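This report concerns only the one structure given below.
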Amino acid sequence: MLCGLGASEAWTSAFVTESDQLATGFAPPYIEITNPLVDAERFLRSTMASGLLGAVRYNAERRQGDIRLFEVGSVFHRLDIPAVDGPGAGQVERLCAVFCGEGDDARAAVAAWHTVADALGLADWVLEQGPHHDPATRVLHGYRSGTLLSGGTAGEEDDGRRAVLGVVGELDPVLVETYGLVDADGRPRPVGWLDLDLDVLLDPVRTARRPLESLPVSRFPSSDTDLAFVVPEEVPAGMVEATLAEAGGDLLESVELFDVYRGESVGVGVRSLAYRLRFCALDRTLTEEEIGGLRASCIAAVERAHRATLR
């Protein structure tokens, strides 16, 4: 899928320097190997960002700067439980992709994620903006990025939290500048970034899939209704969509976000999210009273769950 999006597969070393770890936001102590091939590269990587950015820099120095790369590999982290001969080490297999082509930015990474999610048939997921405790967010831009969470009760961990699929957005411009990836004016280039935890992504229990069976198509006409809500900035659009889907029930055929607006007319610290809801029944044409009741239920659910107001 990533090759189809114009990305080339890369291999980068799992051994990194202390400066690589610090540049990507990871402070010591690190996992150190006892017999490094190169003394400076004696640490196991905490993220693949340093290796992929180094590969982009290598290509840029040879006039091949417009490039997309991806890698499947392991990152490592220290465990609280000590091993026999030193600190314990955890290993996670991840898929990481860097988007540094002409015009690439956070949107390119998000579009790539949508392609992956659709191809895998993911049933429910949420892009949560703002800070998150996942270590993978340390390399990200402060506000042009987000954390991907699996949705529904099937995607919950033992403590009730949604399982973390990964992160998506743009890399921190300070990190990008550290690797010399700057435009002609000296400003850091916008670089898209996608980092997925394959253990979670490929687990059908924690990340539910859509059913493979085809659904019947109604012979009766559908009805569209548009709803715009003013919600706090910290409320993810995907969470509002999930609330609408639950409130609409079986008669809600689809829900689509088609407009996001910020401005004086809605106020500071909030934004307007507009959704198009399509209702349809398999056995009849829905009446105006039925559609009105469904509309009212959806409005009430969003206002109650997300401190929202109908615009």
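Any chance you could count how many residues in segment 2-26 are surrounded by fewer than 16 Cβ atoms within 10 Å (Cβ to Cβ) and on the phi > 0 side of the Ramachandran plot? Count: 1. Taking the condition within 21 Å of G121 (Cβ to Cβ), in contact with a strand residue (DSSP E or B) (Cβ under 7 Å, 6 or more places away or on another chain), assigned to a helix (DSSP H, G or I) and among the acidic types (D, E), does E241 pass? Yes, satisfied. Consider A136 carefully, then state whether it is among the aliphatic types (A, V, I, L, M), surrounded by 20 or more Cβ atoms within 10 Å (Cβ to Cβ), more than 17 Å from S46 (Cβ to Cβ) and at pLDDT below 90. Here the answer is no, as A136 does not meet what is asked. In segment 46-64, the residues that are over 13 Å from A10 (Cα atoms) reach residues that are aliphatic (A, V, I, L, M) and assigned to a helix (DSSP H, G or I) with C-beta atoms within less than 7 angstrom, at least six apart or across chains, in these pairs: T47/A136; T47/V139. For segment 27-48, state whether one or more residues are surrounded by 12 or more Cβ atoms within 10 Å (Cβ to Cβ), hydrophobic (A, V, I, L, M, F, W, C) and under 19 Å from the mean Cα position of the chain (by Cα). Yes, segment 27-48 contains a residue that is surrounded by 12 or more Cβ atoms within 10 Å (Cβ to Cβ), hydrophobic (A, V, I, L, M, F, W, C) and under 19 Å from the mean Cα position of the chain (by Cα). Which of the residues spanning segment 243-277 are surrounded by fewer than 17 Cβ atoms within 10 Å (Cβ to Cβ), under 17 Å from F229 (Cα atoms) and not aliphatic (A, V, I, L, M)? Within segment 243-277, E246, E256, F258, D259, Y261, R262, G263, E264, S265, G267, G269, R276 meet the criteria. Look at (1) basic (K, R); (2) part of a strand (DSSP E or B); (3) modelled with pLDDT of 90 or more and you find that R63 fails only one, number (2). Of all residues in segment 262-295, count the ones that are within 31 Å of the chain's Cα centre (by Cα) and without any contact (Cβ under 8 Å) to a residue 24 or more places away in the chain. Number of matching residues: 5. When A106, A123, A119 are checked against the criterion of being small (G, A, S), at pLDDT below 95 and closer than 19 Å to C3 by Cβ, a single residue qualifies: A119. Annotation: of all residues in segment 178-233 being surrounded by 19 or more Cβ atoms within 10 Å (Cβ to Cβ) and β-branched (V, I, T), the one that is nearest to G146 (Cα to Cα) is V191.
The values are calculated or read from the model by the stated rules, or taken from the named source; none is laboratory data. For clarity, every value in this text was computed on a predicted model and none was experimentally measured. Here the Cβ is made from the backbone with ideal geometry for all residues, glycine too, and neighbour counts use every protein chain on show.
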